[in-house]
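Shown next, in structure tokens, is the structure this report addresses.
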Amino acid sequence: MFKPDIAIVLPVYNGSKTISSTIDSLIDQTFNNFELIICDDGSIDDSECVLKKYQDKRIKLLINRHNRGLGYTLNKLINNISYTSKYIAIAEQDDFYYKNRLKLQYDYLESQPGIGLVSGIADHWDGRIITSKFPGILVNGNQYPIGIDFFKLNYREQLKVVNSCMMIRRSIHEKYKLSFSTRYPSISVDWDYILRISLVTNIAGIHDSLVRLDRSQDRKSLTANTQLKSTVARKLIDEFFKEFSNILSKEDYYYALATQRYLELSNKKYFIRLFQSVSIFFLDPDISRFKQKFKKQIINPITQNKINKRDILDGLAWFLTKIKFKKAFHLQKSEEYYNFTKNFVGYGYYDRISMSQRKKEIIELTDTIRSIKPKVILEIGTRKGGTLFMWSRVCGGGIIISIDLPEGPFGGGYPRKKKKLYKYFGMDSNTKMHLIQNNSHSKETIGMVKNYLGSREIDFLFIDGDHSYEGVKKDFNIYREFVRDGGIIAFHDILPNITGHDDSDKIEVYKFWQEIKADYEHKEIIENINQNSMGIGLVYNCD
């Protein structure tokens with residue numbers, strides 16, 4: 001009868017590209033009296049098919065038909081280990097384990113009955129070479145403190161234990177009824193567990209590399225989501241301070257928050273780092289640490305010529321522009337939106353937004369679109385962002401795709417850096433902005449639109465790009481198929497342009513409009529019946 005000493009628990013979610021390497025490295029361990037319990041947590045890729053190819057008798061496969069999260073899945077795995085397994089080894093789907101990992105940890109725990117959890121050193125791998133090792137405390141030959149000192153170290157400085165190669169003494173886990181938290185979205189679950197177990201047993205580290213962690217730039221992982229990591233980390237810091245107020249002081253709390261803020265700075269542009277460093281100065285109780293971090297992140301990049309002065313000025317321009325732009329998030333009426341586009345003046349690349357539509361016409365159109373509560377909008381003709389801003393005000397929480405031809409007779413064109421401002425339009429409502437600078441008729445552009453839409457249909461299509469007869473006809477025929485039944489398609493410049501301008505003969509939208517409007521329920525928005533240009537035409541899409 002198979003009586004394993006170690007249970008390896010391996011949660012998997014969308015890991016089809018890396019899981020085979022991980023499993024192979026575990027099967028190839030020098031210590032072989034183990035069971036490997038794997039749970040596919042509702043993956044939507046080919047993970048389950050890859051896992052089912054393994055026929056090793058030591059492997060047990062569990063399936064969550066819906067994604068339940070890391071905490072739930074780890075607890076499920078542990079609940080399914082054999083009664084003979086004395087130790088629980090944690091593994092992760094995109095890591096490679098060195099052959100002696102299990103042997104070293106097993107021998108250590110057998111010889112040290114007072115240790116409830118042992119980990120080791122992790123090699124960080126960029127896809128080609130080992131770039132660094134973690135944690136420094138073990139790399140430098142030192143050992144973890146014990147009890148409350150360990151708890152405070154890992155609370156104040158964040159996790160100093162390699163979670164993906166932990167081995168836990170099962171009797172400790174069960175005696176103190178420990179579990180992996182389901183409060184956090186698959187991030188900080190290990191941090192929570194290690195803090196809690198450190199209060200009931202001692203934790204040690206082996207001074208050997210046990211695992212190679214994938215830190216390549218193209219990896220897809222929850223832990224690569226810096227915004228989510230930051231949000232969850234701050235939540236944990238707050239909640240642990242409240243729960244363990246008998247152990248943690250306010251100084252511990254502020255120190256931990258400052259640690260998190262320093263980590264977040266590394267992902268910021270230089271000017272934002274400079275600005276946010278000032279606020280951290282008033283937060284961090286350790287002034288010597290602040291000086292060290294400030295020198296590393298602010299002073300050294302300048303003295304070592306790693307920061308371009310133009311980048312600093314651009315950061316300042318963007319920071320000041322955002323402050324001025326936030327007024328737009330409090331506007332309520334379409335006329336207020338229009339007036340904002342006329343009066344707004346930002347800085348640098350983010351100086352102005354504007355539109356070429358008549359005021360009354362675009363306001364009436366905006367009110368009409370607001371009435372259908374659109375969640376998906378496609379605009380052809382970004383130009384200077386004026387209409388894109390209007391759509392961002394009526395498409396709360398949806399997606400907007402805006403296509404702009406960079407050059408040519410009907411090309412709008414805008415500096416690539418201005419994309420940052422255009423994407424900021426929907427920041428207050430979490431509207432996703434997809435900006436395409438390419439010909440709306442090209443296969444590449446059509447493919448991008450299909451990818452952004454997925455299974456969704458367009459509620460509102462605004463055509464204001466190529467104004468030639470053939471150009472507007474192509475836009476209509478290509479993108480109409482993505483518009484839902486009953487959705488609105490709008491054309492700008494439906495009146496003959498008789499202004500006398502040099503390019504007036506190139507505006508032929510009116511020809512196509514006259515050709516198709518009788519085939520659809522339609523509406524014309526024209527400010528003055530005698531005007532000699534512009535006008536907006538709407539058709540209601542139907543099969």
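Readers should treat all values here as calculations from the given coordinates under stated rules, not as data from a laboratory. These figures come from a predicted structure and were not determined experimentally. Virtual Cβ from ideal backbone geometry, glycine too; neighbours counted across all protein chains shown.
For the stretch 228-313, the convex hull spanned by the alpha carbon atoms encloses 86 Å³ per residue. Across the chain, the relative contact order, built from alpha-carbon pairs under 8 Å that are at least six residues apart, equals 9 percent.
Summing Cβ point charges (Lys, Arg +1; Asp, Glu -1) relative to the Cα centre of the stretch 328-540 gives a dipole of roughly 980 debye. A cut-off under 13 angstrom between Cβ atoms defines the neighbours of Asp149, and their net charge, with Lys, Arg +1 and Asp, Glu -1, is +1. Under the criterion of Cα pairs below 8 Å and six or more residues apart, the relative contact order for the stretch 6-218 equals 27 percent. The share of C-alpha pairs in the chain whose separation exceeds 30 Å stands at 62 percent. Computed about the Cα centre, the dipole magnitude for the chain is approximately 1860 debye when only Lys and Arg (+1) and Asp and Glu (-1) carry charge, each at its Cβ. Calculated on the alpha-carbon coordinates, the convex hull of the stretch 81-186 measures out at 155 cubic angstrom per residue.
Normalised by the number of residues in the stretch 228-313, the average gap of Cα pairs under 8 Å and 6 or more apart makes the relative contact order 26 percent. Whole-percent P(r), the stretch 1-149, all Cα pairs, 10 Å bins from 0: 10, 36, 36, 16, 1. Dipole of the chain computed with +1 at Lys/Arg Cβ and -1 at Asp/Glu Cβ about the Cα centre; of Tyr424, Thr226, Leu248, farthest Cα towards the positive end is Leu248. Specify the angular offset, from 0 to 90 degrees and rounded to the nearest 10, of the alpha carbon long axis of helix 334-343 from the longest principal axis of the alpha carbons in the chain. In the chain, helix 334-343 runs at an angle near 90 degrees to the longest axis.
Protection proxy ranking of 377-388, 351-362, by the mean of other Cβ atoms within 10 Å over each peptide's residues and highest first, is 377-388, 351-362. Counted by neighbouring Cβ atoms within 10 Å, the residues Val162, Val232 run from fewest to most as Val232, Val162.
A 31 angstrom limit on the alpha carbon distance is what I want to check against. Which of Lys160/Lys418; Lys417/Lys511; Lys242/Lys419; Lys309/Lys333; Lys359/Lys506; Lys52/Lys443 exceed it?
Numbers: Lys160/Lys418 41 Å; Lys417/Lys511 36 Å; Lys242/Lys419 42 Å; Lys309/Lys333 40 Å; Lys359/Lys506 23 Å; Lys52/Lys443 38 Å.
Check vs 31 Å cut-off fails for Lys160/Lys418; Lys417/Lys511; Lys242/Lys419; Lys309/Lys333; Lys52/Lys443.
Charge tally for Ser119 (other residues, Cβ to Cβ under 14 Å; Lys, Arg +1; Asp, Glu -1): -1. Applying the Karplus relation 6.51 cos²θ - 1.76 cosθ + 1.60 with θ = phi - 60° to the stretch 164-172 yields 3J(HN,Hα) values of 7, 9, 6, 10, 10, 6, 4, 4, 5 Hz, where x marks Gly and Pro.
Under Stokes-Einstein, with the Kirkwood radius over Cα pairs as Rh, the value for the stretch 143-185 at 10 °C and 1.306 mPa s is 129 µm²/s.
Could you pull out the longest piece of the chain with no exposed loop chymotrypsin sites (Phe, Trp or Tyr not before Pro) in it, calling a site exposed if DSSP puts it outside H, G, I, E, B and it has at most 14 other Cβ atoms within 10 Å? Could you put the intermediate results ahead of the total?
On the way: sites that count: Phe2, Tyr83, Tyr176, Phe282, Tyr520.
For chymotrypsin sites (Phe, Trp or Tyr not before Pro) (loop position, at most 14 other Cβ atoms within 10 Å), the longest site-free span of the chain is 283-519.
Relative to the longest principal axis of the Cα atoms of the chain, the long axis of helix 469-479 lies at roughly 30 degrees. With only Cα atoms counted, the stretch 328-540 has Rg and Dmax values of 16.0, 47 Å.
Between the amide H of Phe462 and those of Leu378, Glu379, Ile380, Ala490, distances stay under 5 Å, these residues lying 5 or more places away or on another chain, with hydrogens modeled in the peptide plane.
Computed per residue of the chain from DSSP H runs no shorter than four, each worth -39500 (n - 2.57), the mean residue ellipticity at 222 nm is -11000 deg cm²/dmol. Between helix 309-325 and the chain there is an angle of about 70 degrees, using the helix long axis and the longest principal axis of the Cα atoms. Taking 17 Å as the straight-line reach from the Cα of Lys57, the lysines in range (excluding those fewer than 8 positions away in the same chain) are Lys3.
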